Protein chains: 2
Amino acid sequence: MWSNFPAIKEEMAAFEQYIEKKLTSRNSFLKNASKEVVLSGGKRLRPAFAIIAALHGDYDRSRIFPAAASVEILHAATLVHDDIIDNAKIRRGQQTISEKHNTNLAVYTGDYLLTKSLRLLLETGLKPEKLDVLARSISLLCEGEVEQYLSKYSVVSVYQYLKRILSKTGILFSASMILGAKTAYLSDDETRRFGHFGMCFGAAFQIRDDLKDLLSEQATEGKPVLNDLKEGIVTLPVIMAVKNNPGFLKEVTDYFNGYGDINIILRNILASGGVKDAERLKNRYIEKCRNIIKDIPRTPYTNAMSEIVDWL
Amino acid sequence: MWSNFPAIKEEMAAFEQYIEKKLTSRNSFLKNASKEVVLSGGKRLRPAFAIIAALHGDYDRSRIFPAAASVEILHAATLVHDDIIDNAKIRRGQQTISEKHNTNLAVYTGDYLLTKSLRLLLETGLKPEKLDVLARSISLLCEGEVEQYLSKYSVVSVYQYLKRILSKTGILFSASMILGAKTAYLSDDETRRFGHFGMCFGAAFQIRDDLKDLLSEQATEGKPVLNDLKEGIVTLPVIMAVKNNPGFLKEVTDYFNGYGDINIILRNILASGGVKDAERLKNRYIEKCRNIIKDIPRTPYTNAMSEIVDWL
C-alpha cells in the first residue's frame, strides 16, 4: 500500500515506530495486551487518512502523529470490546484478548486503550473545543454499536442500516480526516470536505465488508464466511434482498429460529438481487468520494485518496 | 450530609439537576442506562470534593460543574465495568446493568459513560495539558484494576496493597480535588495539597470499605458480607493477619481451594489482630488528611473537609 506515494509510505513507517513507543504501561499485562492488539498488523487506514489530510496543510509530525495514533488506538479499543460482544475468537489471525485471556481482562484492556487514545488527543495541541470531534465520535460509535446489538435478528430498513453504519464505521474515518485537517490548520470549509470524504468512504468500506462476509469462498482476515448472519447481524445484501422480495423475510426469520439452510439463504440473496443492489449502493458512495476529491485543493497527496477509493 | 454547610448543600442540589440534564443520548437504551447508573443515589463524594476544593478559589459553576460531573460519571463508568468483572448482581440496592441486561450492553454503557466523562472534561475550559490529570487517572485506575484482578487469590504485601488501592480508589478522589482546584484557578502548590488530601482520603476510604466488608453483620449498600474474600480479593485485614501470624496464610489458601469455613477465617483474622492493624493504618491516613487540612488556607468550606474526614 502507498507504493505510488513515497512520502506517505515514509510517514507511515515513521508513524509505526511512533505508535509502538507510545504503548507503554507500568502494568506489564496492559503493556503486552496493548501491543498485541495495536501492533498485530492492521491496514492503518485511519491514521493514513489523518496523515493524508494533514499533508494538504501545515504538516508537522509532532501534532499529526498523536492525532493519528489516537484514532488508531481508539479503533483498537473498539475491536477489543467488540470481540467480547461478538464472542470472537480470532482477529487478524491471532487469538482475541477475550479468548486468550478472558472477558474481564478484555474489558480493562479496551478501557485502557480508550484512555490512551484520549490522552494522545490531548497531545495534539488542539484546543479542547476542537478535541470534542473525536470524543463525540466515540459517543456516536457506542450508540451505533448498541443499535446494532439491539437490532440483532431483525431486518431493519435501508435508512436505519445506513444510520447504523455511518455511526459505526463512517464516523471514525471521518474523525481521522477531520483531526488530520485540523492539526494541519486547514480551513473549516476544507476540514468539512475531508470529514465528508471519510464518512462516505466509511459507508462504502462497510458495505464492502458486508459483501465480503457473504461472497468470500473462505475465511478472510480470520473471519468465518457468513459470520454476520450466523451472529444475527443483518447486512445490506440481506436487507436489499428482502426489499426486492418481501417473501424472503420469512426465510431469514426462520433461519434465525433455527430452521433453514444457510446455503439456500445465500442462493436466495443472490437470486433476489441483494448483492447487486448492495454493490450499487456501495458504488454510489464511491462516486460521492470521487466528487468530494474534485473539490479538494490539489496536492501530490490528493491522488492517494483517489487510489484508496479505487481499492474499494 | 453537608447539613452544617448550607452553601455546599445548595451547590450539591444544583449539581444534581445539572448532571441529570447532561445524561442524554439519541439512543434511548444508553440514555436510560446512564440515568439508572448515575442517578441511583450514590453519596456524590467525588463531585463534592471537586466543589469544595473549588470553593477555596474563584468559584464558577460553568467551569466547576462540568469537572464535578466528569469525575462522577467516570466513577459510574468504572462501577458498570467492575460489576461485569465481579459478576455483581446488585449495586446500591438496584440490579446492575450486566445483570438486568447483559455483559455486552454493560460494556457499551461503561464505554459510553467513560466518553461522556471525557467530553464533560473538555467543557471545563481547562487547557489540554491540565486535562491530562483525569485522563492519566483513568490509565492508573485501569492499571489498579488489572493488578487487583491478576493478584486475586494471592496474599500480597502491605506495600503492594497500598499501591493498588491508591491507584484504584485514591486516584479518583485526588483527581476530583485537583480538577476542582484547577477550575477555580488555585496555585499549583495549593492544588497539590488538595490532590494529596484526596489521595490520603481515598486510602482511608478504601480501608474503611475493606473493614466494612468484614465486620458488618448484614449486607450494607447491597453488598453481601465477606464478599471480597469469597471473590478472591484479599483485603487489608487479611493481609495484616497473615503478617502477624504467617501460619494463617495456609488457612486462607486452603479456603480459596475450597476447604475451610469462612466463620473460622473471620475469627482468626480478628484473633491475629488483622482488624486492629487495618484500623491503625486507616487512622494513619486520617491523620495525614488532618495535617494537610492545616496547610490549606482557611475558608468557611475547609471545615467541611474536616467533617468528612471525621465521618470516616
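The values are calculated or read from the model by the stated rules, or taken from the named source; none is laboratory data. Being a predicted model, the structure only gives us computed values, none of them experimental. Don't worry about glycine lacking a Cβ; one is built from the backbone with ideal geometry, like all the others, and counts go over all protein chains shown.
Out of everything in region B:79-90 that is assigned to a loop (DSSP other than H, G, I, E, B) and in contact with an Asp or Glu (Cβ under 7 Å, 6 or more places away or on another chain), what residue ends up being nearest to the other protein chains (Cβ to nearest Cβ)?
Restricting attention to region B:79-90, the residues satisfying the condition of being assigned to a loop (DSSP other than H, G, I, E, B) are B:86-89.
Add one more test, that the residue is in contact with an Asp or Glu (Cβ under 7 Å, 6 or more places away or on another chain), and what stays is B:86, B:89.
Values: B:D86: 9, B:K89: 16 Å.
This residue is B:D86.
Could you list all residues from region A:125-134 that are buried (at least 23 other Cβ atoms within 10 Å of the Cβ) and more than 8 Å from chain B (Cβ to nearest Cβ)?
So in region A:125-134, the residues buried (at least 23 other Cβ atoms within 10 Å of the Cβ) come out as A:131, A:134.
Residue satisfying the conditions is A:L134 alone.
Considering only region A:63-70, I want to know if a residue exists there that is of a type in the set (V, I, T) and modelled with pLDDT of 95 or more.
First, the residues of region A:63-70 that are of a type in the set (V, I, T): A:64.
Then keep just the ones that are modelled with pLDDT of 95 or more; that gives A:64.
Looking through region A:63-70, at least one residue is of a type in the set (V, I, T) and modelled with pLDDT of 95 or more.
How many of the residues in region B:187-235 are aliphatic (A, V, I, L, M) and modelled with pLDDT of 95 or more? Steps first, please.
Within region B:187-235, the subset aliphatic (A, V, I, L, M) is B:199, B:203-204, B:207, B:211, B:214-215, B:219, B:225-226, B:229, B:233-234.
Narrowing the set further to residues that are modelled with pLDDT of 95 or more leaves B:199, B:203-204, B:207.
Going through region B:187-235 one residue at a time, the tally reaches 4.
This table checks each residue for (1) in contact with a Gly (Cβ under 9 Å, 6 or more places away or on another chain); (2) over 30 Å from A:T124 (Cα atoms); (3) in a helix (DSSP H, G or I).
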site: A:S174; (1), (2), (3): yes, no, yes
site: A:R193; (1), (2), (3): no, no, yes
site: A:H196; (1), (2), (3): no, no, yes
site: A:M199; (1), (2), (3): yes, no, yes
site: A:Q206; (1), (2), (3): yes, no, yes
site: A:K212; (1), (2), (3): no, yes, yes
site: A:I233; (1), (2), (3): no, yes, no
site: A:E251; (1), (2), (3): yes, yes, yes
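Which number in (1) part of a helix (DSSP H, G or I); (2) closer than 26 Å to B:Y112 by Cβ; (3) in contact with a Ser or Thr (Cβ under 9 Å, 6 or more places away or on another chain); (4) of a type outside the set (A, V, I, L, M, F, W, C) marks the one condition that A:E99 misses?
(3)
May I ask you to list the residues in region B:18-46 that are farther than 24 Å from A:K168 by Cβ, part of a loop (DSSP other than H, G, I, E, B) and touching a residue at least 24 places away in the same chain (Cβ under 8 Å)?
Correct list: B:S40, B:G41, B:G42, B:K43, B:R44.
So that you can scan it fast, the table gives a plain yes or no per residue for (1) more than 29 Å from A:K127 (Cβ to Cβ); (2) at the interface with chain A (Cβ under 9 Å from one of its Cβ atoms); (3) more than 15 Å from the chain's Cα centre (by Cα); (4) modelled with pLDDT of 95 or more:
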site: B:V38; (1), (2), (3), (4): no, no, no, no
site: B:F49; (1), (2), (3), (4): no, no, no, yes
site: B:G57; (1), (2), (3), (4): no, no, yes, yes
site: B:D60; (1), (2), (3), (4): no, no, yes, yes
site: B:A77; (1), (2), (3), (4): no, yes, no, no
site: B:R92; (1), (2), (3), (4): yes, no, no, no
site: B:S117; (1), (2), (3), (4): no, no, yes, no
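Scan region A:135-145 for residues that are more than 7 Å from every other protein chain (Cβ to nearest Cβ) and of a type in the set (A, V, I, L, M, F, W, C) and report the count.
2
Looking only at region B:1-17, count how many residues are among the aliphatic types (A, V, I, L, M), in a helix (DSSP H, G or I) and more than 15 Å from B:A53 (Cα to Cα).
Within region B:1-17, the first condition is being among the aliphatic types (A, V, I, L, M), and the residues that meet it are B:1, B:7-8, B:12-14.
Subsequent filtering for residues that are in a helix (DSSP H, G or I) retains B:7-8, B:12-14.
Checking which are more than 15 Å from B:A53 (Cα to Cα) leaves us with B:13-14.
Count: 2.
Filter region A:1-30 down to residues that are farther than 24 Å from A:M305 by Cβ and among the β-branched types (V, I, T), then give me how many there are.
Residues in region A:1-30 being farther than 24 Å from A:M305 by Cβ and among the β-branched types (V, I, T): 1 in total.
Could you go through region B:251-273 and let me know if any residue there is exposed (fewer than 13 other Cβ atoms within 10 Å of the Cβ), among the β-branched types (V, I, T) and in contact with a helix residue (DSSP H, G or I) (Cβ under 9 Å, 6 or more places away or on another chain).
Taking region B:251-273 as the starting set, the residues that turn out to be exposed (fewer than 13 other Cβ atoms within 10 Å of the Cβ) are B:254, B:257-259, B:261-264, B:267.
Imposing the further condition that a residue be among the β-branched types (V, I, T) reduces the set to B:262, B:264.
Filter once more, so that each one left must be in contact with a helix residue (DSSP H, G or I) (Cβ under 9 Å, 6 or more places away or on another chain): B:262, B:264.
Yes, the conditions are met somewhere in region B:251-273.
For region B:274-293: of the residues being among the charged types (D, E, K, R) and closer than 22 Å to B:P47 by Cα, which is surrounded by the most Cβ atoms within 10 Å (Cβ to Cβ)? Before the answer, list the steps.
Our first condition is that a residue be among the charged types (D, E, K, R); within region B:274-293, this holds for B:276-277, B:279-280, B:282, B:284, B:287-288, B:290.
With the extra rule that they be closer than 22 Å to B:P47 by Cα, the set shrinks to B:288, B:290.
Numbers: B:K288: 18, B:R290: 15.
Across region B:274-293, the extreme among qualifying residues is B:K288.
Against the definition (hydrophobic (A, V, I, L, M, F, W, C) and over 18 Å from the mean Cα position of the chain (by Cα)), how does B:F248 come out, yes or no?
Values: hydrophobic (A, V, I, L, M, F, W, C): yes; over 18 Å from the mean Cα position of the chain (by Cα): yes.
Spelling it out, B:F248 is indeed hydrophobic (A, V, I, L, M, F, W, C) and over 18 Å from the mean Cα position of the chain (by Cα).
Please give the number of the condition A:S70 fails out of (1) of a type in the set (S, T, N, Q); (2) outside any loop (DSSP other than H, G, I, E, B); (3) within 19 Å of B:G144 (Cβ to Cβ).
(3)
Residues of region A:135-167 being in contact (Cβ under 8 Å) with a residue 24 or more places away in the chain, among the hydrophobic types (A, V, I, L, M, F, W, C) and surrounded by fewer than 18 Cβ atoms within 10 Å (Cβ to Cβ), which ones?
A:V156, A:V158
With (1) within 21 Å of the chain's Cα centre (by Cα); (2) more than 9 Å from chain B (Cβ to nearest Cβ) as the list, and A:E99 as the residue in question, which single condition is left unmet?
Single failed check for A:E99: (1).
Do you know which of the residues in region B:102-115 that are among the polar types (S, T, N, Q) and within 9 Å of chain A (Cβ to nearest Cβ) is surrounded by the fewest Cβ atoms within 10 Å (Cβ to Cβ)?
Pass one, region B:102-115, residues among the polar types (S, T, N, Q): B:102-104, B:109, B:115.
Within this subset, residues satisfying the condition of being within 9 Å of chain A (Cβ to nearest Cβ) are B:103-104, B:109, B:115.
Numbers: B:T103: 18, B:N104: 21, B:T109: 27, B:T115: 23.
Among residues in region B:102-115 that are among the polar types (S, T, N, Q) and within 9 Å of chain A (Cβ to nearest Cβ), the one surrounded by the fewest Cβ atoms within 10 Å (Cβ to Cβ) is B:T103.
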